[in-house]
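The block underneath contains the structure these notes are about, expressed in structure tokens.
Taken together, the values in this text are just the output of simple stated rules run on the coordinates, not laboratory data. Source: prediction; values computed, not measured. Neighbour counts run over all protein chains shown; Cβ positions are idealised from the backbone, glycine included.
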Amino acid sequence: MKIYNTLNNKKEEFVPIEKNKVRMYVCGPTVYNFFHIGNGRTFIVFDTIRRYFEYRGYEVKFVQNFTDIDDKMINKANAEGTTVKELGDRYIKEYYQDADSLNIERATVNPRATEYMAEIVNFVSELIEKGYAYEVDGDVYFSTKRFTKYGRLSGQNIEDLQAGARINVDERKQDPMDFAVWKSQKPGEPGWESPWGLGRPGWHIECSCMAKKILGDTIDIHAGGSDLVFPHHENEIAQSEALTGKPFANYWMHSAFVNVNNVKMSKSLNNFFTAREILDAYEADVIRFLMLSAHYRQQLNFSEELLESAKASVERIYNTIANLENLLDEVKLELTTEDEKVYLDSLNKHRDKYIERMDDDFNTADAITSIFDLIKDINTNISVTSSKEAITKALELIRELGGPLGMLQKSTKISLEDEIEQLVEQRQQARKNRDWALADKIRDELKERGIVLEDTPQGVRWKKL
Ligand code: AMP
Ligand code: ZN
């Protein structure tokens, strides 16, 4: 498998630290609000990459953090008259609701920064002991000059970075590029005990510390949106490698932005759509299809037209799934014939192509093309004269290739129970509209099928006679 490694700006063969295992850390959301569909892309992309590793037989330990203490958290909690803790609890719950709806698998661990305070304080203390950090009046800064590889990830040299940083000089720092690893408590802010007085961690140290604690000194993959390359990931590398003297992550992966009118979607620009809003109107399959129809390193300009076109594409695939599911009820032949065996073998070429494309830096856009090639092939070759076994195999292959993308797992058949619930709901709607004729018609239809309705104060109940 090949992965584009931001550290070296090229595609590299993936070699795990431990055979068949992947240790992966993805920078997660700051939990002060609902996440938007731009954040959603990053979560969907790395969820897909994780699923694909699993599909290829790797065991993945997948860590995605919650940033539950920073300026935005504090400001929002103060504005709402609540605590940072309560705000974090609330939006972590909302995160899970939306992530589950987007069919994003739960991480192996979702650490919260505030639950790692003792470890963070130790981390900072050790950096000071080693001479990589220094304290000024309760604040602790990382000394970038001491870390000679500073700037490697973002491909910048330290002189340019320093020139840029001089615009915003803070007299207390030894060097303009130095950044805070610990911040002293200000009025109206929560604080945690430390050798430097009450305070809170800087953002970058949280990830360095939690990744080390949960996954070890060196991890396979560290990932996030491309806005995190500098300074967040650059600073994480500096802190972690200064402390351990070992490489922090072997592969750095960054997914491109979701834009609106060619500008990055972001909370601060107020040009965002929440995942929840979009989920109200479109199914997870459609949203994932849209996000995965571009390569993850390509920017994606979000629009309603794109969503509509994704919806039409997903429907085309589900039409084939529906056709196969219906054929299963109709066909007589049970087992595959010799001709069919040859045909089924030939379907493997689509799987091979799909794997080749996904192995090439997770090219989901081309992998989707393989799924369409498979669909076309199935549409022309499977019919009412096919065997149940062949139809089942074709259906399984569609679902197999949809699996790593987190799509195409639904059945188009609705259960009898769901169908009855739907009819009951339609009847309620008809009654609300005073359309008594339609309401009675639905009741009679159900009666003919042996279902009787009972109107109770708690709502409509139904039972089978
Ligand atoms: P935040 O909650 O802003 O810290 O972001 C959470 C994750 O979403 C990070 O990995 C960001 O890099 C990523 N992200 C933020 N905005 C976008 C965007 N417009 N497109 C894609 N990813 C984004
Ligand atoms: Zn991070």
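Across region 124-283, C-alpha contacts under 8 Å between residues 6 or more apart give a mean separation that, scaled by the residue count, equals a relative contact order of 20 percent. Here the simple spin-label model places points 7 Å from the Cα toward Cβ, and for E59 and K186 these points are separated by 4.6 nm. Calculated FRET efficiency, N78 to R351, Cβ-Cβ distance, R0 = 56 Å: about 0.55 to the nearest 0.05. Counting every alpha-carbon pair across region 416-464, the share separated by more than 14 Å comes to 47%. If you bin all the Cα-Cα distances of region 30-112 at 5 Å, starting from zero, the percentages per bin are 3, 14, 23, 22, 16, 11, 6, 3, 2, 0. If a spin label sat at a point 7 angstrom from the Cα of L333 along the line to its beta carbon, the backbone N atoms of region 378-410 nearer than 17 Å would be those of 378-395. Working from Cα pairs under 8 Å separated by at least six residues, relative contact order for region 118-211 is 29 percent. The modelled label-to-label distance between V15 and N271, using points 7 Å beyond Cα along the C-beta direction, is 4.3 nm. Put simply, the Cα atoms of the chain extend 82, 61, 38 Å along their principal axes, the longest span coming first. Stokes-Einstein diffusion for region 71-156, with the hydrodynamic radius set to the Kirkwood value over Cα pairs and evaluated at 4 °C in a medium of 1.567 mPa s, equals 78 µm²/s.
A full extension of the chain between K464 and D71 corresponds to an added length of 135.7 nm, given 0.36 nm per residue minus the alpha carbon distance.
Restricting the calculation to Cα atoms, region 301-402 shows an Rg/Rh of 1.03 when the hydrodynamic-style radius is the Kirkwood one.
Between T108 and D359, the modelled labels are 2.4 nm apart [label points 7 Å from Cα along Cα→Cβ].
Figure legend: label point modelled 7 angstrom from the Cα of S154 along Cα→Cβ; residues of region 226-258 with amide N under 15 Å from it are 226-239. Each semi-axis of the equivalent ellipsoid for region 2-255 is √(5λ) with λ an eigenvalue of the Cα gyration tensor; in descending order they amount to 28, 24, 16 Å.
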